[in-house]
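The values are calculated or read from the model by the stated rules, or taken from the named source; none is laboratory data. The shown structure was predicted, so the numbers you read here are calculated from the model rather than taken from an experiment. Every residue, glycine as well, gets a Cβ built from its backbone with ideal geometry; the counts of neighbours run over all protein chains shown.
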Amino acid sequence: MSTAPSRTAPPAPAPPRRRAGYARRREHRVAFMFLLPWFAGLGLITIGPIIASFVLSFTDYHLLRAPSWIGFENYQRMWDDPRLHRALLVTIRYVLVSVPSQLALALGLAMVLDRGARALPLYRSIYYLPSLLGGSVAIAILWRRIFGTEGLINNVLELPGVSAVADVLGIVPTGWVSHPDHALDTLIALNVWTFGSPMVIFLAGLRQIPSMYYEAAAVDGAGPVRRFVRITLPLLTPIIFFNLVLQMINAFQTFTQAFIVSGGTGGPADSTLFYTLYLYDRGFGSFDMGYASAMAWLLLMIIAGFTAVNFFASRYWVHYGD
Amino acid sequence: MATDTRPARIVRIPARRSGAPATPHRRRRHRWHRSLLIHGGLILFGLLMLYPLLWMLSSSFKPTDIIFRETGLWPTGFRLSNYAEGWSALRHPFHHYIVNSLVIVAGSIVGNLVACSMAAYAFARLEFRGRKVYFAIMLGTIMLPVHVVIVPQYILFSNLGWVNTFLPLIVPKFLATDAFFIFLMVQFIRALPRDLDDAARIDGCGHWGIYWRVIMPLSTPALATTAIFTFIWTWNDFFSQLIFLTDPDLATVPLALRLFVDSTGETSWGPLFAMSLVALGPIFGFFLAGQRYLVRGISTTGIK
């Protein structure tokens with residue numbers, strides 16, 4: 001609709017300065033039109049709810065009754081809630097174990113692939129596939145079955161050759177998902193399985209390292225290990241940092257896998273009670289929306305805290321060119 | 001991206017090998033052995049990773065009672081009865097749930113394409129007050145966990161009477177709430193030469209004309225990436241569908257699978273696997289068709 005003025009406006013005659021001012025004002029207006037949906041979404045779907053969530057966290061609200069102001073009571077309850085502590089512990093353990101393992105595997109394979117695998121696109125696609133599927137209900141169902149008492153893992157462990165090795169390592173076939181000591185490990189394994197997306201990012205990063213560095217190092221007699229430690233790793237630190245921040249934030253939000261594998265309970269014995277699972281249980285299981293809002297804010301603070309620590313620590317190990 | 005670093009690698013390999021005291025013939029054989037080892041390892045690892053999927057595929061053709069007695073992949077008898085049984089195991093035939101999912105997916109794709117490209121055009125090409133601040137806010141919302149805003153969103157949509165409709169899952173996409181895609185398209189549009197805009201302006205195009213006739217047609221790769229990712233994420237989405245769709249008639253594919261698990265428990269794994277594969281099929285199809293866009297999308301923005 002605002003194309004009309006520009007179509008009719010003759011290109012030359014107006015004095016340059018006035019025209020520039022007019023064009024700029026028109027550009028503001030057009031920009032606002034282009035951004036209108038985004039502004040609406042920002043207000044109604046994002047920032048509004050963040051604020052509302054904050055306000056609701058100080059109320060007792062069960063959806064059908066009007067919210068009543070209770071001050072810090074929700075936060076007080078959180079402080080005393082053993083299941084919430086459990087959920088925090090489970091989630092943080094999951095994040096701290098699965099993300100570094102996943103990134104190490106991703107970096108290792110990216111290095112191997114970058115070393116000149118001729119069929120790189122093929123391998124890259126195969127390794128990337130689990131990243132697309134990993135969050136789905138179907139894969140969670142499969143996982144629950146693979147690690148079940150009669151599942152694939154136990155079948156493999158009982159194969160003649162494998163069982164001897166497993167005995168030595170002390171691995172005994174068990175119901176992995178139904179055992180409180182192992183259930184979380186199966187979910188960690190699932191997250192590690194989706195190492196493909198950080199791997200693709202690492203591959204792109206490896207391509208950016210100029211080959212002349214390696215040539216110079218080779219001339220100076222540096223072996224492959226030293227080249228990795230002195231060239232690849234430092235130059236890749238911004239990418240490692242990026243992946244670390246991204247995957248940590250993602251891992252904190254894990255829901256589907258834990259929900260399906262544990263049948264929605266976070267069991268056995270709350271061993272897979274992820275924070276998001278408990279939040280769902282409070283907010284949409286018992287419709288305790290005030291408490292769920294307080295939990296949501298705590299989650300936001302925790303993720304922001306972890307990210308801030310990441311950024312702070314990055315000053316000591318991330319190198320941004322020179 | 002794959003081609004422009006080829007020369008670099010050709011240079012690098014001789015450099016690494018330069019210390020090896022060998023005739024060209026021996027060197028070549030050495031390299032051949034090494035590459036065989038690497039490829040063998042990579043293939044083996046790939047198979048190990050895909051084994052669970054292949055096992056599910058073969059299990060979907062086996063009778064439930066023998067699935068767990070066999071570790072091998074090749075089904076002894078090839079039968080489709082698991083698929084037939086799974087298709088009609090729930091209250092509605094399975095295509096009912098597929099249609100529900102597809103409606104949400106289609107709405108989301110259209111919404112994301114329209115709203116995110118408009119916002120991206122403004123950020124990439126227009127000057128306006130507060131552009132940097134808004135851009136920073138936009139980037140900030142990318143990382144915002146949905147769990148933080150879900151409670152007030154639920155209250156909002158429930159007051160509008162939208163719970164148990166598809167609207168809470170589609171309408172936000174028309175308001176460009178998937179900021180990932182704005183960022184992806186901003187990156188893409190910024191790389192397009194501005195001369196094209198100027199040429200169009202001289203030919204009498206306004207901003208809407210430039211957006212629609214110049215930028216959009218040239219942004220097809222970014223739009224394709226957006227559409228593919230939107231498809232996969234929406235198709236896989238479980239959390240928000242679980243919250244907003246409690247009526248079993250409106251269940252989407254992931255919700256239907258969950259109903260399946262709950263209703264049959266541990267008894268009918270064959271049909272359950274069959275329907276899980278039906279659920280994974282479209283993702284796999286998009287993966288095969290759109291790999292190029294997917295890989296480029298991840299490499300440039302780091303999204304999943």
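What residue, of B:Y134, B:Y97, is within 25 Å of A:R26 (Cα to Cα), of a type in the set (S, T, Y) and more than 7 Å from chain A (Cβ to nearest Cβ)?
B:Y134 is the lone residue from the list that is within 25 Å of A:R26 (Cα to Cα), of a type in the set (S, T, Y) and more than 7 Å from chain A (Cβ to nearest Cβ).
For residues in region B:181-201 being under 30 Å from B:S108 (Cβ atoms) and of a type in the set (D, E, K, R), which is surrounded by the most Cβ atoms within 10 Å (Cβ to Cβ)?
Selected residue: B:D197.
Would you please list the contacts, defined by Cβ atoms under 7 Å and residues six or more apart or on different chains, that run from a residue in region A:42-70 that is within 15 Å of A:M295 (Cβ to Cβ) and free of Cβ contacts under 8 Å to residues at least 12 places away in the same chain to a residue that is polar (S, T, N, Q) and assigned to a helix (DSSP H, G or I)?
Close Cβ pairs (under 7 Å, with a partner that is polar (S, T, N, Q) and assigned to a helix (DSSP H, G or I)) amount to A:P49/B:Q153.
Any residue that is within 11 Å of chain B (Cβ to nearest Cβ), assigned to a helix (DSSP H, G or I) and crowded, with 23+ Cβ neighbours inside 10 Å - is there at least one of those in region A:111-127?
Checked against the condition, which is being within 11 Å of chain B (Cβ to nearest Cβ), assigned to a helix (DSSP H, G or I) and crowded, with 23+ Cβ neighbours inside 10 Å, region A:111-127 yields at least one hit.
Taking A:T149, is it within 31 Å of the chain's Cα centre (by Cα) and part of a loop (DSSP other than H, G, I, E, B)?
It is true that A:T149 is within 31 Å of the chain's Cα centre (by Cα) and part of a loop (DSSP other than H, G, I, E, B).
Suppose we filter A:R207, A:R145 for residues that are facing chain B (nearest Cβ under 9 Å), in contact (Cβ under 8 Å) with a residue 40 or more places away in the chain and more than 25 Å from A:V95 (Cβ to Cβ); which single one remains?
Result: A:R207 is the single residue among A:R207, A:R145 that is facing chain B (nearest Cβ under 9 Å), in contact (Cβ under 8 Å) with a residue 40 or more places away in the chain and more than 25 Å from A:V95 (Cβ to Cβ).
Check off (1) touching an Asp or Glu at 6+ places or on another chain (Cβ under 9 Å); (2) modelled with pLDDT under 95 for B:P152 and give me the number that stays unchecked.
If we test B:P152 against (1) touching an Asp or Glu at 6+ places or on another chain (Cβ under 9 Å); (2) modelled with pLDDT under 95, just (1) comes out false.
Counting only residues that are surrounded by fewer than 19 Cβ atoms within 10 Å (Cβ to Cβ) and away from chain B (no Cβ under 11 Å), which one in region A:250-267 is farthest from A:S286 (Cα to Cα)?
Filtering first and then ranking leaves A:G267.
Tally the residues that are more than 12 Å from chain A (Cβ to nearest Cβ), outside any helix (DSSP H, G or I) and free of Cβ contacts under 8 Å to residues at least 24 places away in the same chain, restricting the search to region B:180-214.
Of the residues in region B:180-214, 2 are more than 12 Å from chain A (Cβ to nearest Cβ), outside any helix (DSSP H, G or I) and free of Cβ contacts under 8 Å to residues at least 24 places away in the same chain.
Any idea which residue in region B:143-164 is farthest from A:Q253 (Cα to Cα), counting only those that are hydrophobic (A, V, I, L, M, F, W, C), surrounded by fewer than 23 Cβ atoms within 10 Å (Cβ to Cβ) and touching a residue at least 60 places away in the same chain (Cβ under 8 Å)?
Of everything passing the filter in region B:143-164, B:W162 is farthest from A:Q253 (Cα to Cα).
Would you confirm whether any residue within region B:270-278 is over 22 Å from the mean Cα position of the chain (by Cα), within 26 Å of A:P130 (Cβ to Cβ) and among the small types (G, A, S)?
Yes, region B:270-278 contains a residue that is over 22 Å from the mean Cα position of the chain (by Cα), within 26 Å of A:P130 (Cβ to Cβ) and among the small types (G, A, S).
Name every residue in region A:46-62 that is farther than 10 Å from B:V151 by Cα and of a type in the set (A, V, I, L, M), in order of residue number.
A:I47, A:I51, A:V55 - these are the residues of region A:46-62 that are farther than 10 Å from B:V151 by Cα and of a type in the set (A, V, I, L, M).
From the list A:V165, A:V192, A:V245, which one is modelled with pLDDT under 85 and either assigned to a helix (DSSP H, G or I) or surrounded by 21 or more Cβ atoms within 10 Å (Cβ to Cβ) (or both)?
That would be A:V165, the only listed residue that is modelled with pLDDT under 85 and either assigned to a helix (DSSP H, G or I) or surrounded by 21 or more Cβ atoms within 10 Å (Cβ to Cβ) (or both).
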